[in-house]
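See structure below.
No value in this document is a laboratory result; all are computed from the given coordinates. The structure displayed is predicted, hence computed values, not measured ones. Neighbour counts run over all protein chains shown; Cβ positions are idealised from the backbone, glycine included.
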Amino acid sequence: MLRRGDARRYNSARMPRTNERLEALLSEWADLLEISGADSFRVRAYQKAARAAGGHSRDVGDLGEKELRQIPSIGAHMAARIREFVETGTMHDLEELRELVPAGLRELTRIPGLGPKKAVLVNRELGVASIPDLLDAIEHQRLRAVKGLGAKTEENLLRGIRNLREHGGRMTLDVALRVAEDVIEELRGRAAVEEVAYAGSLRRMQDTIGDIDLLVASTTAPEVTEAFVGLPGVQSVVARGDTKSSVLTAKGLQVDLRVVAPEVWGAALQYFTGSKAHNVKTRAIAVKKGLKLSEYGLFEVESGRRIASRTEEEVYAALGLPWILPTMREDAGEVEAALRGDLPDLVSLGDLRGDLHGHTDSTDGVATLEEMLGAAAARGYAYYAVTDHAEKLHMSGMKRETVLEQRDRIRSLQGRFPTMAILHGCELNIDRDGGLDYPDEFLAGFDFLVASIHSRFNLPRDEMTRRLLRAIENPFVNVIGHPTTRMIGRRPEVDVDLEAVLSAAARTGTALEVNCHPDRLDLRDEHVRWAVERGAAIAISTDAHAPTHLENMRFGVATAQRGWLTKARTLNARSLRDVREFVARKRGK
DNA sequence: GCCGTTTTCGGCCCGACTGTTTTCAGTCG
């Protein structure tokens, strides 16, 4: 689940820049209020407002106070503060609050195990105002002198600081999934374990994962816990109770395990999948119905009788809701849509009929054309686009004669995989001005074209926007690959007017990619949602450089679902004929 | 601070574990 400060560490999204700035500022405001000891509901109001502003699909800087107040979780006060920020570039009350809270306390609360209360305590008693200060205090055993703290606290905080430094608290989806599946595999064979699954942000398939939440159904919890903390990959045990325990793996990743009775499996899975905001909303629905929802089930308040708990479907149904895909559970409107009976028909892995972006050893792939095609055909695809790099990619792009040779090879391979057509494509490089590698007459020889930015990531917003718009306008470009070029944890998104890009894509019949590589996931969830709202088509593509990369499709599908992408709007959920028509229409044929 | 077929005040989700404490506050999810 999302923790304080994690919100968008890697997402320096540059769409409506005001939204991000406001999210960061309101989130800071919430933290400062919490440190100041403000009422917890007030703190939450700021957190919710931060998320609402950050996730809004329009630039909140363009909205008047009345429009702002239409946004859920933004009231009169927040609307006024937002307008103040837009007009003056600052928020006076926040500035004042910053003066009141010792600098550095907010940083301290990022340490696992150190919340606002202890941060204030060590600051007041020991003058600690930064992580280095705290380390020094721990080293000299000064914490244990403070009433309420002890030697154990020193030890735990030291471990928390190390973990924070090493990982920044997050890992990519593939890393998390591998660890989770390994542990699940270990536990599944045990007699005491009836069911085991991962929950939390991993089940929701957030693009980065803080720690891994596992859930086991068992009638003998202590036995399961015993087995869990004794697994070979466990380096240290962070916490250990009868039903709840946490360990660190050798690589310092935290895995939390919760053991519940088999008859409450569904309620527990629902609860531990979250998100926190989704749970708050579902519980509020329960309360309105005179019910109480916890990880132990849905209960009637008056009689204490449990009315649902066995499966998630049962729990949602008893709340008057259809089952909701885990990837949608972010309190991003899914509960309201479910109440209206209006949940969209989201794309799923099984809907996909092909993959429209992949490489071979003709450029920087590691497998041959035949190997890649064989792996694609084995997945049951009806079509597969081979899109090796075009010539302007430094050192590895294809010269035109290589392109033509590859085309001949593909022609001779058509029919080799009876149920799969091979599209000959290319991943073009969008140069600084929005130009492409080859002239139009050469582009016309391809079946399908992806165009991507591979250089000059730091152009000013206007120039970057013009650059992408020009590529989109080209009648031969069918997909913009990894549109924001972010590399999770390593490279920020390019600064671009994404609204303009999405609108142009919708208008010209150009799809935008959800690149499935777990280091990219680009477009990301929120951007997908904006694309859907603006009517642009999305291609969910692996950008595979090896046969195993084809399996990344599930990460892209999850990202697309998080952005509420429907099957109808997914280019590679369409038939081969429809994909060809998509290409032909843009070419004006 | 937000919100409203309990509507302008009074709610706002619920429970486990730890550490330091003798009955519970803090943190986390």
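Before moving on, here are some points about what is shown:
- Rounded to the nearest whole Hz, the Karplus-based 3J(HN,Hα) values (6.51 cos²θ - 1.76 cosθ + 1.60, θ = phi - 60°) of the range A:458-470 follow the sequence 10, 5, x, 3, 4, 5, 5, 5, 4, 4, 6, 4, 5, with x at glycine and proline.
- Between the amide H of A:Asp497 and those of A:Thr465, distances stay under 5 Å, these residues lying 5 or more places away or on another chain, with hydrogens modeled in the peptide plane.
- Cross-link pairs A:Lys117/A:Lys147; A:Lys118/A:Lys152; A:Lys244/A:Lys289 - those with Cα-Cα distance over 23 Å: A:Lys244/A:Lys289
- Fraction of beta bridges assigned by DSSP in chain A that are antiparallel (%, nearest 5): 45
- Converting phi to 3J(HN,Hα) with the Karplus coefficients 6.51, -1.76 and 1.60 and the offset θ = phi - 60°, the range A:36-50 yields 6, x, 5, 3, 5, 6, 5, 4, 5, 4, 5, 4, 5, 5, 4 Hz in sequence order, with x at every glycine or proline.
- Over the range A:496-547, relative contact order from alpha-carbon pairs under 8 Å, at least 6 apart, %: 43
- Pairwise centroid distance, computed over Cα atoms, of the range A:433-461 with the range A:488-535, Å: 16
- Ordering A:Met372, A:Met487 from the fewest to the most neighbouring beta carbons within 10 Å gives A:Met487, A:Met372.
- Segments A:26-32, A:531-537 sorted - mean Cβ within 10 Å per residue, highest first: A:26-32, A:531-537
- Applying the Karplus relation 6.51 cos²θ - 1.76 cosθ + 1.60 with θ = phi - 60° to the range A:143-149 yields 3J(HN,Hα) values of 5, 5, 6, 7, 4, x, 10 Hz, where x marks Gly and Pro.
- Residue ranges A:491-501, A:337-347 sort as A:491-501, A:337-347 when ordered by packing (mean number of other C-beta atoms within 10 Å per residue, highest first).
- By the beta-carbon count within 10 Å of each Cβ, the least crowded to most crowded order of A:Phe448, A:Phe582, fewest first, is A:Phe582, A:Phe448.
- Highest mean packing first, where packing is the average number of other Cβ atoms within 10 Å per residue, the peptides A:130-143, A:425-438, A:243-256 line up as A:425-438, A:243-256, A:130-143.
- Spin-label pair A:Leu404/A:Glu473, simplified geometry with 7 Å Cα→Cβ offset, distance in nm: 3.1
- Taking a straight Cα-Cα cut-off under 18 Å and skipping sequence neighbours fewer than 8 places away in the same chain, the lysines within cross-link reach of A:Lys292 are A:Lys276, A:Lys281.
- Amide H partners (placed H, <5 Å) of A:Ser294, local residues excluded: A:Phe299
- Ordered by the count of other Cβ atoms within 10 Å of each Cβ, fewest first, A:Glu401, A:Glu65 give A:Glu401, A:Glu65.
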